[in-house]
Amino acid sequence: MSDKGALLREHYDLAPSLDLACEMQDTYDRMKRVVPLPDWAIHAPYVAAINRLKRERGAVILAHNYMTPEIYHGIADFVGDSLQLAVRATEVEAEVIVQCGVHFMAETSKILNPAKTVLIPDTEAGCSLASSITAEGVAAMRAQYPGAPVVSYVNTTAEVKAASDICCTSANALQIVDAMESDTVIMTPDQYLAQNVANASTKKVVFWPGSCIVHELYTAEDIRAYRDGHPGVAIIAHPECTPEVVAEADFTGSTSGILDWVARNRPAEAMLVTECSMASNIADALPDVAFSKPCNICPYMKKITLEKVLWSLHSMTTSVEIDAAVAVPARAAVQRMIDLSRRLGL
Ligand code: 13P
Ligand code: SF4
């Protein structure tokens, strides 16, 4: 990015500025517990430049809950979990969407908005789940379990979505699986999400052996040891964790489900068994909650930085393109999920 950084500095005043940082105090107030002032003085010129350019380009920024606080609070027009981002993508009026998240999220926005420009600030922002399965993998599962519907997590490529009957997210996986007419349901690609759903469902759930490199690192032993040392701590897990970890948790939910749970229950101490930015993004809104480490970082989500977002808007790159032969059936699978979620009141 250094050559791009130099180019950007020719067009925008990006020098660290304490004056600007103080002028933008309202924004800083939402992250000052976790972002030191000298860092904010570095971020503020980028935040100001992005917000100006966003208006000039008629763009909106959709950001996942795992974005860093300066993105989440500084430049996002809408933040949420995968389901909320997908639903929001269907309602966007702007002609340009900048997706601050990983590539499959940008693809989902493009699938739902084929005529709009969807920009991803770093095409290398992948996902271990999305890269674990191909459309051929889905076909192999279908051959093994003839007649069973395929429910694919949105953490998949457009090709895999196109090969699936319906998508799901961590916010609706159980309800989507339960709504399938067949007794056997194929879930791809997250083995742990599938096992967690199977534990709560009457269906026989068969699954692909993919996993999230962030959530699979947590172990039940670690969680138990942490609880022993911190009596009263609320342990809140994402369903991409193993069933053993989920069994140790006080609550399990999607990223937005986790944020809502903490905001509603206000535990004195909370351990969010998920990506590190989650706690950072709500720390200032919940000053009475102590958020405990350790947490794990998603290296893919962290590829999205303010500098790359500014470059993306400046150069209008990189635009996500999906062949219509893939986009049309992929859209059907995503739209079925959105429609069913609405009908179920999720
Ligand atoms: P959510 O849908 O819960 O936001 O999860 C997305 C994700 O990638 C979690 O690792
Ligand atoms: Fe993929 Fe895991 Fe990163 Fe989410 S946290 S984007 S599932 S690798």
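Bear in mind that the values in this text are calculations on the coordinates, not laboratory data. Everything numeric here is computed off the predicted structure, so don't read it as measured data. Positions of Cβ are backbone-derived with ideal geometry, glycine not excepted, and every protein chain shown enters the neighbour counts.
With a ≥ b ≥ c the root eigenvalues of the C-alpha gyration tensor of segment 146-234, is it rounded (a/c under 1.5), prolate (a/b larger than b/c) or oblate?
prolate
Taking the Cα centre of segment 42-194 as origin, sum charge times position over the Cβ atoms of Lys and Arg (+1) and Asp and Glu (-1), and report the length of that vector in debye to the nearest 20.
Result for segment 42-194 is approximately 460 debye, rounded to the nearest 20.
Give the shape of segment 259-346 as rounded, prolate or oblate, defined through the alpha-carbon gyration tensor: a ≥ b ≥ c are the square roots of its eigenvalues, a/c under 1.5 means rounded, and otherwise the shape is prolate if a/b is larger than b/c and oblate if not.
Numbers: a/c = 2.84, a/b = 1.41, b/c = 2.02.
Judged from the Cα gyration tensor, segment 259-346 comes out oblate (a/c at least 1.5, b/c at or above a/b).
Mind computing the radius of gyration and Dmax over the alpha-carbon atoms of the chain? Å is fine for both.
Answer for the chain, Rg first and Dmax second: 20.3, 65 Å.
Would you list Val206, Val160 from fewest to most Cβ contacts within 10 Å?
Values: Val206 16, Val160 28.
Ranking Val206, Val160 by Cβ neighbours within 10 Å, fewest first, gives Val206, Val160.
Pick out, in residue order, every one of the GluC sites (Glu not before Pro) in segment 76-113 that is DSSP loop and has at most 14 other C-beta atoms within 10 Å; say none if there are none. Mind showing how you got there, number by number?
Working: sites: Glu91, Glu93, Glu95, Glu107; in loops: Glu91, Glu93, Glu95.
The qualifying sites are Glu91, Glu93, Glu95.
Too long at a 23 Å Cα-Cα cut-off: which of Lys54/Lys116; Lys4/Lys110; Lys54/Lys308; Lys54/Lys303; Lys54/Lys161?
Table pairs above 23 Å Cα-Cα are Lys4/Lys110; Lys54/Lys161.
Mind putting a number on the dipole of the chain about its Cα centre? Charges go on the C-beta only, +1 for Lys and Arg and -1 for Asp and Glu, and I need it in Debye to the nearest 20.
Numbers: 28 positive and 42 negative charges, 93 e Å.
About 440 debye.
Taking amide H positions as placed 1.01 Å from N in the peptide plane, with prolines and chain starts having none, which residues 5 or more places from Cys168, or on another chain, fall under 5 Å of its amide H?
Here the answer is Ser152, Tyr153, Val154, since their amide H atoms fall under 5 Å of that of Cys168.
Can you order the peptides 167-175, 279-287, 73-81 by their average number of other Cβ atoms within 10 Å per residue, highest first?
On the way: 167-175: 24.4, 279-287: 18.8, 73-81: 21.6.
My ranking of the peptides, most packed first, is 167-175, 73-81, 279-287.
Less than 12 Å Cβ to Cβ from Asn65, Lys/Arg counted +1 and Asp/Glu -1: what total charge do the surrounding residues give?
Working: positive: none; negative: Asp81, Asp260, Glu275.
Net charge in that neighbourhood comes out at -3.
Using only helices, what value at 222 nm comes out for the chain when you add -39,500 (n - 2.57) per DSSP H run of length 4 or more and divide by the total residues, to the nearest 500 deg cm²/dmol?
About -13500 deg cm²/dmol.
Placing +1 on the Cβ of each Lys and Arg and -1 on the Cβ of each Asp and Glu in the chain, which of Gly58, Ala333, Leu20 has its Cα farthest towards the positive end of the resulting dipole?
Ala333
If you find the alpha carbon centre of segment 96-170 and of segment 326-346, how far apart are they in angstrom?
Answer, in whole Å: 12.
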